[in-house]
Amino acid sequence: MSEKNFNFVDEVRRRRTFAIISHPDAGKTTLTEKFLLYGGAIRSAGSVKSRRSQKHAVSDWMEIEKQRGISVTSSVLQFEYNNFCINILDTPGHQDFSEDTYRTLVAADSAVMVIDCSKGVEDQTKKLFQVCKMRGIPIFTFINKMDREGRDPFELLEDIENVLGIRSCPVNWPIGSGKEFVGVFNRHKNQVELFNDGNHGQAIAQSTTGDISDEKFTELLGQSLHEQLLSDIELLDIAGDNFDIDEILAGNLTPVFFGSALTNFGVEPFLESFLDITTPPKARMSDLGEVNPESDNFSGFIFKIQANMNPAHRDRIAFLRICSGKFEKGMAVNHVQQGKKIKLSQPQQFMAQDRVIVDSAYPGDIIGIHDPGIFNIGDTLCQDQSRLKYKGIPQFAPEHFATISAKNSMKRKQFLKGISQLSEEGAIQVYKRPNTGVEELIVGVVGVLQFEVLEYRLKNEYGVDILMHKLPYGHIRWIEMENFNYTRFSLAMDTVVLEDKDQNPVILLQNEWSVRNVLERNEGLVLRETSRVD
Ligand code: G4P
């Protein structure tokens, strides 16, 4: 897709792959759309998201998402800007789907956190932020909706530091707010950038830039805004954290930008600084040591599986993050976990609104490959015989459990197929009672809305109505114990031992107190909050 002729190393170095996270409604979708607008991938804003009913047209597939106005699944988009090739991983905003977000963040090299200036750090931002912290990736903060009256910018910085526990360093500082939000001061370039109306955000915003001491800005801003800006900058210089690239890249300091995705003010300066500060894909750890993205050996891992994305095709797509080497259509690779050679013949990429077949792709890129039911989340694919394995992605502890069965027993086959596919996607986790001969299925989910999605998808994609009986457990732990034996295990009241899909023993408990109780009753027992991964 590139117009210029880049060699392999250039291709790797011009890649930037990031996830975008926010509390619902902070403006993630709008900002993503504006990136596409600036990258020339769409001609005018609003072509993607002009009315509420079309809200999730770019990134969302499922009808339920439209109905509820929430994003259930993560999606991937690629676009070009100033010779950079950018991959955006969109994540569901709703907390009930944070497991999907976690898996997506494993595939990202950095994250952009969008915050609503009138709300500050919201609940869901906190959760998602913690996941970024766990991954140790750089986090960029975009404080959005500056065209509306919001909280004081200094207060917002304090909020980020106090609530999220990360130091912050504003790169752009807002000039005015609400109706008076006219531009930003770029502290890096020591430059004022005033925006002119971009046709209500439909078109790219034009701007006037220059040195703050230039008299024209005193005139353009008016005395009071100009003085306010000078005093803000002075205060930031004295009291704020210094810009430190190493600390940013280590995820200890977040560079902060102010803007309005709706009017486009501050979007381009943000994008430019972001591309300037972030790095191309870095080496990733495997069981055989670090893998350099610029090595010849193609390798990557599956971080997401999504069935029935296109109801017309009923296909199943595995999302692969490329970590090293060049991918070429039709290439044969080793599926390391299964010890099989497979041919990747119909690889897809997600460009702006379309899915297209790709001929080649590079480290940092995400490709969708047709999955005839052979992939699991966390699987590694590689080209040479080294059979390296990237670290797997753990299953997260569900907090809600239910027994489920097909309403109509004649539909049991479709029911089991649906359950098995949705479990492979990671949309639900499935457990069984060991050694009882009882064919009862117990499903665990991280958020209750996932139950709704499960019911909806089983009906719409597999034609099965289900009976669901919620269980009173709220905690699960993976059991680790030498010579573990189901019959000799001492259970506390209100607990049950089950088997996960890989036949690992797990225990369901009603409260934290029972965790301690079970530990006391069984010597040598270790209880883990996530499944183990190789
Ligand atoms: P999300 O993906 O994070 O959930 O948020 P989304 O972009 O859908 O934005 C949520 C609402 O906030 C939308 O309004 C959107 O237009 C508005 N919005 C986004 N960025 C800005 C901004 O910079 N300034 C202002 N003032 N509003 C912004 P809506 O009424 O819910 O939807 P719509 O009818 O506008 O599509």
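The values are calculated or read from the model by the stated rules, or taken from the named source; none is laboratory data. From a predicted model like this one, the values you see are computed outputs, not experimental measurements. Note that we place each Cβ from the backbone using ideal geometry, even for glycine, and neighbour counts take in every protein chain shown. Surface areas here come from the heavy atoms of the whole protein model, side chains and all, with no ligands, DNA or RNA. Shrake-Rupley method; radii C 1.70, N 1.55, O 1.52, S 1.80 Å.
Only helices enter this figure: runs of n ≥ 4 DSSP H residues, each worth -39500 (n - 2.57), summed and divided by the residues of the chain, yield -7000 deg cm²/dmol at 222 nm to the nearest 500. Projecting the Cα atoms of Leu422, Val464, Tyr486 onto the charge dipole of region 400-528 (Cβ charges, centred on the Cα centre) puts Val464 farthest toward the positive pole. Taking each of Lys145/Lys326; Lys4/Lys340; Lys391/Lys417; Lys304/Lys326 in turn, the alpha-carbon distance tops 32 angstrom for Lys145/Lys326; Lys4/Lys340. Across region 284-382, the relative contact order, built from alpha-carbon pairs under 8 Å that are at least six residues apart, equals 33 percent.
Around the amide H of Gly240, modelled in the peptide plane, lies no amide H under 5 Å away from a residue 5 or more places distant or on another chain.
Dividing the mean sequence gap of close Cα pairs (under 8 Å, 6+ apart) by how many residues the chain holds gives a relative contact order of 13 percent.
Ranked by the mean number of other Cβ atoms within 10 Å of their residues, highest first, the peptides 166-173, 382-389, 339-346 come out as 166-173, 382-389, 339-346.
Once the 1.4 Å probe is applied to the protein heavy atoms, the chain comes out at 44 Å² accessible per residue.
Legend: distances between Cα atoms for Lys133/Lys189; Lys127/Lys179; Lys411/Lys432; pairs beyond 22 Å are Lys133/Lys189; Lys127/Lys179. Using the empirical formula 2.2 N^0.38 Å as the baseline, the Cα radius of gyration of region 400-528 reaches a ratio of 1.11.
Backbone amide hydrogens, once placed in the peptide plane, bring Thr254 within less than 5 Å of Arg167, Ser168, Cys169, excluding anything fewer than 5 places away on its chain. DSSP assigns beta bridges within the chain; of those with both partners inside it, close to 75 percent run antiparallel.
Computed on the chain, the Cα convex hull volume stands at 162 Å³ per residue.
For the chain, the share of accessible area belonging to carbon and sulfur comes to 45 percent (1.4 Å probe, ligands and nucleic acids excluded). Between amide H atoms placed 1.01 Å from N, distances below 5 Å from Ala19 occur with Leu89, Asp109, Ser110, Ala111, Val112, all of them 5 or more places distant or on a separate chain. Considering only alpha-carbon pairs that sit under 8 angstrom and 6 or more positions apart, the relative contact order computed for region 404-448 is 34 percent.
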